[in-house]
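The values are calculated or read from the model by the stated rules, or taken from the named source; none is laboratory data. The shown structure was predicted, so the numbers you read here are calculated from the model rather than taken from an experiment. With ideal geometry, Cβ positions are generated from the backbone for all residues, glycine too; neighbour counts draw on all protein chains shown.
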Amino acid sequence: MVLEAIISRDLLVSLLEAARRKFPMEFFSLLGGEVEGENVYITEVIYVPWKEGYHHAIFDLNQIPPGVVGSFHSHPSVAKPSSADIRSFPYLGYVHLIASYPFGIENVRAFDTGGREVRIRIIEGKGQRASF
Ligand SMILES: [Zn+2]
């Protein structure tokens, strides 16, 4: 069971910037890191080739690399998992971040594989910054 998603502010901000640039298309990325008990530490963005759709990023589940702890994607409207999201979550790690317009830090929510909301803890300091 996941209780908390932990991510550095820098990494989250770079994901949000990517989501803002893609808007109104969705941005999707896999997240790498470590799981410790009920905490999921998100430490990196893992690139996978994907095809973009207006409402849903479509990607090949066979291309999911090991070490994936979760996913991040953007929604043009509300940060709430769709039924398609909930079907894909179990293949994509433990914790799933959804950001909604206008993609501020307050517009991000995290969900477990069943689509239940979990806490996000943002850590300051020496986080990595992803480039896309
Ligand atoms: Zn979605």
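Just need a number here: residues in segment 1-58 that are within 16 Å of the ligand (Cβ to nearest atom), modelled with pLDDT of 85 or more and outside any strand (DSSP E or B).
Going through segment 1-58 one residue at a time, the tally reaches 10.
Could you please find all residues in segment 89-112 being within 15 Å of residue 1 (Cα to Cα), without any contact (Cβ under 8 Å) to a residue 60 or more places away in the chain and within 14 Å of the ligand (Cβ to nearest atom)?
89, 96, 111
List the pairs whose first member sits in segment 6-23 and is within 18 Å of residue 96 (Cβ to Cβ) and surrounded by fewer than 18 Cβ atoms within 10 Å (Cβ to Cβ), whose second member is modelled with pLDDT of 95 or more and not aliphatic (A, V, I, L, M), and whose Cβ atoms are under 7 Å apart, counting only residues at least 6 apart or on separate chains?
Hits for this filter: zero, empty list.
Please determine whether any residue of segment 88-98 is part of a loop (DSSP other than H, G, I, E, B) and surrounded by fewer than 15 Cβ atoms within 10 Å (Cβ to Cβ).
So far as segment 88-98 goes, no, none of its residues is part of a loop (DSSP other than H, G, I, E, B) and surrounded by fewer than 15 Cβ atoms within 10 Å (Cβ to Cβ).
Take the conditions modelled with pLDDT under 90 and not polar (S, T, N, Q) and apply them to residue 129. Does it pass?
In short, yes.
If residue 84 meets every condition in (1) within 15 Å of the ligand (Cβ to nearest atom); (2) assigned to a strand (DSSP E or B); (3) more than 13 Å from the chain's Cα centre (by Cα) apart from one, which number is that one?
All conditions pass for residue 84, except number (2).
Look at segment 60-81 and say how many of its residues are surrounded by 11 or more Cβ atoms within 10 Å (Cβ to Cβ) and free of Cβ contacts under 8 Å to residues at least 24 places away in the same chain.
Result for segment 60-81: 1.
For segment 69-80, enumerate the residues that are within 12 Å of residue 99 (Cβ to Cβ) and of a type outside the set (Ser, Thr, Tyr).
Scanning segment 69-80 gives 72, 73, 75, 76, 78, 79, 80.
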